[in-house]
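Data block below; observations after.
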């Protein structure tokens, strides 16, 4: 028995359709970009949805994204290629030109609450923009700043004059019944230390006490200046320095004078807009037999730093448990040299004497000192200098 194969004529269209189907699947996907042509600040462009990969290109031609949507903030022509994930077929590039203008940032400066009977000034940012205000009681204005006294919500619309970009914001203003604030009272101010004795600690802390506030508000003291009455005398400088909550004064005076008088000037503020100004005086007596000081006029700025170039430390040398300081002076001066640890405590006085202009040296024993870092400080009326002295053994 034999068999003969043949094709029925009616099967030919079906075979042709099946043969054509793979070719139809290779058609590239459509490429299209949706999104605004004009935007303010930023915009989002999106490609067609589907099982696709995306390749975005920026105005300079470089690839800048691979998601369906792309956020942009600069003007230019943006292009897209869409790739079918199933077949790998790629679309032709499609593009969209977008003009992005700078965004307008709306903000309002001014108080959030005022006292009844007073007014508030609310201001918008400056720029090439138009302002439109609205508020309670049919309030309307087109100026950058407004002065208002009624409680409520004040809304602002800002529109750029060139691009038409705009933004809106608002500020709630509360009107309260307020008590009148009274300024602090500086009339009873006094120093925490009235006398400093020469020969004690280098700098001693002094605070301003006795300032009160009639309303019971906390008072903050700001030191605005410190002077003394020995200008041109043999003195270290600076002889005062500001610290948190007060000032530190150098306990020294001219040995041939009538004691030094420091004047500490300050401003006291209550945080509610009230303030007072005042000053207190601190005496560095000549000696214990003369405890009062005579004020010869506040002519020297105690906070002023000396010209350090007139007194210089040239070297600190160590050998066999001793250290030698070499320094030079541009003119005659009384020199005080001390050794200090890292906490600022003076551990030794190395020299305290009058020296002529020129080069000098002084040695001291460092063997008993604990291991650590120290500083040698030179003070004089013509300048100050310091140098680290490590003790390693």
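The values are calculated or read from the model by the stated rules, or taken from the named source; none is laboratory data. Note that the coordinates shown come from a computational prediction; the quantities given were computed from them, not determined experimentally. Glycine also receives a Cβ, built like all others from the backbone with ideal geometry; neighbour counts cover every protein chain displayed.
Could you run through the range 173-202 and say how many residues are in a strand (DSSP E or B), within 35 Å of the chain's Cα centre (by Cα) and surrounded by fewer than 18 Cβ atoms within 10 Å (Cβ to Cβ)? Before you say what the answer is, go through the steps one by one.
Initial filter on the range 173-202 (in a strand (DSSP E or B)): 173-176, 185, 190-191, 195.
Narrowing further to those that are within 35 Å of the chain's Cα centre (by Cα): 173-176, 185, 190-191.
In the following step, the residues that additionally are surrounded by fewer than 18 Cβ atoms within 10 Å (Cβ to Cβ) were identified as 174, 176, 185, 190.
Residues meeting the conditions: 4.
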Only one of (1) surrounded by 13 or more Cβ atoms within 10 Å (Cβ to Cβ); (2) under 26 Å from residue 195 (Cβ atoms); (3) not assigned by TED's automatic domain parsing to the domain that holds residue 256 does not apply to residue 296, and that is (3)
Only residues that are surrounded by 15 or more Cβ atoms within 10 Å (Cβ to Cβ) and in a loop (DSSP other than H, G, I, E, B): list them for the range 48-74, please. 48, 58, 59, 68
So which of 21, 87 ends up being in contact with a helix residue (DSSP H, G or I) (Cβ under 7 Å, 6 or more places away or on another chain), outside the structural domain of residue 163 (by TED's automatic domain parsing) and at pLDDT below 95? 87
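Mind telling me which of the residues 143, 153 ends up being part of a loop (DSSP other than H, G, I, E, B), surrounded by fewer than 17 Cβ atoms within 10 Å (Cβ to Cβ) and without any contact (Cβ under 8 Å) to a residue 24 or more places away in the chain? Walk me through how you get there before you give the answer.
On the way: 153 fails: part of a loop (DSSP other than H, G, I, E, B).
Checking each option against the conditions leaves just 143.
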Can you tell me which residue within the range 77-92, out of those that are within 30 Å of residue 167 (Cα to Cα) and surrounded by 14 or more Cβ atoms within 10 Å (Cβ to Cβ), is farthest from the chain's Cα centre (by Cα)? 79
From (1) surrounded by 15 or more Cβ atoms within 10 Å (Cβ to Cβ); (2) assigned to a strand (DSSP E or B), pick out the condition that doesn't hold for residue 222. (1)
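Counting only residues that are outside any loop (DSSP other than H, G, I, E, B) and either out of contact with any strand residue (DSSP E or B) (no Cβ under 8 Å at 6 or more places or on another chain) or at pLDDT 90 or above (or both), how many does the range 241-285 have? Steps first, please.
Quick first cut of the range 241-285, residues outside any loop (DSSP other than H, G, I, E, B) only: 241-243, 246-250, 260-269, 275-284.
From what is left, the residues that are either out of contact with any strand residue (DSSP E or B) (no Cβ under 8 Å at 6 or more places or on another chain) or at pLDDT 90 or above (or both) are 241-243, 246-249, 260-269, 275-284.
Residues flagged as outside any loop (DSSP other than H, G, I, E, B) and either out of contact with any strand residue (DSSP E or B) (no Cβ under 8 Å at 6 or more places or on another chain) or at pLDDT 90 or above (or both) within the range 241-285 amount to 27.
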Qualifying positions in the range 306-329 - outside any strand (DSSP E or B) and under 40 Å from the mean Cα position of the chain (by Cα): 306, 307, 308, 309, 310
For the range 364-376, name all the residues that are under 18 Å from residue 312 (Cβ atoms) and either surrounded by fewer than 19 Cβ atoms within 10 Å (Cβ to Cβ) or modelled with pLDDT of 90 or more (or both). 375
